[in-house]
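Peer 1: Sharing a structure here in structure tokens format.
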Amino acid sequence: MNLPSDRNVALFDRAQKVIPGGVNSPVRAFRAVGGTPRFIQRAQGAYMWDANGQRYIDYIGSWGPMILGHGHPAVVEAVQRALLDGFSYGAPTERELELAEHILALMPSMDMVRLVSSGTEAAMSAIRLARGATGRSKFIKFEGCYHGHADSLLVRAGSGLATFGHPTSAGVPPEVAQHTLVLEYNNIEQLEQAFATQGSHIACLMMEPIGGNMNFVRASVAFVKRCRELCTQHGALLVFDEVMTGFRVAAGGAQSIYARAIPGFAPDITVMGKVIGGGMPLAAFGGKRAVMEHLAPLGPVYQAGTLSGNPVATACGLATLREVSRTGFYEDLSRKTRALISGLKQSAAAAGVPFCGDSEGGMMGFFIQATLPQNYRQVMQSDGKRFNQFFHGMLNRNVYLAPALFEAGFVSAAHTDQDIADTVAAAAEAFQGV
Ligand SMILES: *Cc1c(COP(=O)(O)O)cnc(C)c1O
């Protein structure tokens, strides 16, 4: 509801005069669902308060980082202590070393890791590293997977399999997109054809192991297994973009889940972000020593950053990772996320609305339809109008879901069973209007 005294409306009007679209990242503008974005004033635990002082149960969690909820006391204390010692030095610190060691202990596929400031930067650097390490230019990505906004990644599929991609953004020269081969997620046949025709030119295959930027779409075990085999066979590197799934679906990321199903499985390079910064600008990419040694100053692949390994961001990330490393953390988180999805399912069924959903750890997705999509094309076919009605029905009942059908949702350790029950009760009402 937009009341005349609504401060969200007033702030959004003001913001649109000085910030393009009134936001600093497009999805925040509510373009997909319509209406006025909420300007957030503060957050604590599982809740956020907007500029009108209205409280919401938060299922975005800053789009993934806030796995402990907002303002976890141990994290706040670590950040406060770090602040007093200075904001940035541009020189190495013991804390960034501790964070690197902690990450490597949780994800054994990596021997070395480099810290950066955003997922975009990490993914972009991982591709440069893969190209430098293999001496090849082309790479594979999948439709619906997002790896940040580097030029070569803002690309959609070309007209035929053997053709390379076209830019999806103005400002990206077609020549840049020509090295990117965009394939359909979970389509083994297409993957095999692509390697058969282009295999010797492919530096890497980059994928989200669970597609979280097309709502929630799992890569099948058979698909991941084939990706691994074909990369090995053709001398290409397998890059897992775990910016969203890393330390979110399990302590060891999605790769630990696939490694249980595929003996010996490991990606060559892992891209991380979101949870490892605990809400501060921090991301990373890492891999086996032989690959990582191509990076400057050891090797010829250049990569750098003024604020990389920032002492305050690393304090925040390290405190966050220490909390998620506690015994039973992911079991408890998974139980709550599953309870939410099954509760939503029941609410939808009671209202006669088709519904399906899936979750892993603290990451989830749902569709207002009977069956889960397997790729981006199927996600695009799902009913956006009904989703938008449900989204606003929930927002009006003070539950803040992702404002677009193409986004995953996030449950934090701060969500209580009561929060989940309140959300399910709100959904029972909201589904009546869908
Ligand atoms: C969020 C995200 C990115 C980009 O990270 P930023 O920090 O927003 O640049 C890259 N890959 C995946 C899978 C993501 O979810």
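What follows draws every value from the coordinates through simple rules; no lab data is involved. Predicted model only: the values in this text are computed from it and were never measured. Glycine gets a Cβ as well: all are built from the backbone with ideal geometry, and neighbour counts include every protein chain shown.
Peer 1: Ranked highest first by the average count of other Cβ atoms within 10 Å around their residues, in what order do 283-293, 50-60 fall?
Peer 2: 283-293, 50-60
Peer 1: Would you be so kind as to identify which of Val291, Gln303, Thr197 lies farthest towards the positive end of the dipole of the range 73-324, taking Lys and Arg as +1 and Asp and Glu as -1 on Cβ and the Cα centre as origin?
Peer 2: Thr197
Peer 1: Note the full-extension length gain between Thr197 and Gln80 as 0.36 nm times their separation in residues minus their Cα-Cα distance, in nm to one decimal.
Peer 2: 36.7 nm
Peer 1: Continuing with the same structure: Pull up the DSSP beta bridges for the range 73-324 and report the antiparallel fraction as a percent, rounded to 5.
Peer 2: 45 percent
Peer 1: I'd like the distance between the alpha-carbon centres of the range 219-271 and the range 353-400, rounded to an integer number of Å.
Peer 2: The distance from the Cα centre of the range 219-271 to that of the range 353-400 comes to 26 Å.
Peer 1: In addition: Fully extended, how many nm does the chain gain between Ala170 and Lys385 (0.36 nm per residue separation, minus their Cα-Cα distance)?
Peer 2: Working: separation 215, 0.36 × 215 = 77.40 nm, distance 2.74 nm.
Net length gain for the segment: 74.7 nm.
Peer 1: Give me the percent relative contact order of the range 167-236, please, defined on Cα pairs under 8 angstrom at least 6 residues apart.
Peer 2: 32 percent
Peer 1: Using the Cα centre as the reference, give the magnitude of the dipole from point charges on the C-beta atoms of the chain (Lys, Arg: +1; Asp, Glu: -1; all else neutral), rounded to the nearest 20 debye.
Peer 2: Once rounded to the nearest 20, the dipole reads 460 debye.
Peer 1: If you don't mind, there's one more thing I want to ask. Near the amide H of Tyr185, under 5 Å away, which other amide H atoms are found, from residues 5 or more places off or on another chain, if H is placed in the peptide plane?
Peer 2: Glu143, Tyr376
Peer 1: Let me ask something else about it. With the dipole of the range 73-324 worked out from charges on the C-beta (+1 for Lys and Arg, -1 for Asp and Glu) around the Cα centre, which of Ala313, Phe164, Ala123 lies farthest toward the positive end?
Peer 2: So the residue furthest toward the plus end is Phe164.
Peer 1: Sorted by average packing, counted as other Cβ atoms within 10 angstrom per residue and highest first, what order do 333-346, 187-200 take?
Peer 2: Values: 333-346: 19.3, 187-200: 15.5.
The peptides rank, most packed first, as 333-346, 187-200.
Peer 1: Report, ordered by chain and residue number, the aspartates and glutamates lying within cross-link reach of Lys141, taken as a straight Cα distance under 20 Å and ignoring same-chain residues fewer than 8 apart.
Peer 2: Cα-Cα hits under 20 Å: Glu121, Asp151, Glu175, Glu184, Glu189, Glu192, Glu208, Glu229, Asp241, Glu242, Asp268, Glu407.
Peer 1: Let me know the charge dipole size of the range 73-324 about its Cα centre in debye, to the nearest 20, where only the beta-carbon of Lys, Arg (+1) and Asp, Glu (-1) is charged.
Peer 2: I would put it at about 320 debye.
Peer 1: Calculate the spin-label point distance for His149 paired with Ile19, positioning each point 7 Å from the Cα along the beta-carbon direction, and give it in nanometres.
Peer 2: Result: 1.3 nm between the two label points.
Peer 1: Next up: Of all DSSP beta bridges located in the chain, what percent are antiparallel, nearest 5?
Peer 2: Here the antiparallel bridges make up roughly 60 percent for the chain.
Peer 1: Output ³J(HN,Hα) for the range 63-80: one whole-Hz value per residue in order, computed from phi by the Karplus curve 6.51 cos²θ - 1.76 cosθ + 1.60 with θ = phi - 60°, and x for Gly and Pro.
Peer 2: 6, x, x, 7, 5, 8, x, 7, x, 4, x, 5, 6, 4, 5, 4, 5, 4
Peer 1: Separate question: Over 34 Å, how big is the tail of the calculated P(r) for the chain, in percent of all Cα pairs?
Peer 2: The answer is 31 percent, as a whole percent.
Peer 1: Under the Karplus relation 6.51 cos²θ - 1.76 cosθ + 1.60, θ = phi - 60°, what is the ordered set of whole-Hz ³J(HN,Hα) values for the range 393-402, x standing for Gly and Pro?
Peer 2: Once θ is set to phi - 60°, the couplings for the range 393-402 become x, 6, 4, 5, 9, 6, 10, 9, 9, 4 Hz.
Peer 1: What number results when the radius of gyration of the range 73-324, computed over Cα atoms, is divided by 2.2 N^0.38 Å?
Peer 2: 0.99
Peer 1: With θ set to phi - 60° and the Karplus curve 6.51 cos²θ - 1.76 cosθ + 1.60, what are the ³J(HN,Hα) couplings of the range 136-150 in order, to the nearest whole Hz, using x for Gly and Pro?
Peer 2: 10, 9, 7, 8, 9, 9, 10, 4, x, 7, 10, 10, x, 10, 5
Peer 1: Arrange the peptides 306-317, 221-232 so that the one whose residues have, on average, the most other Cβ atoms within 10 Å appears first.
Peer 2: 306-317, 221-232
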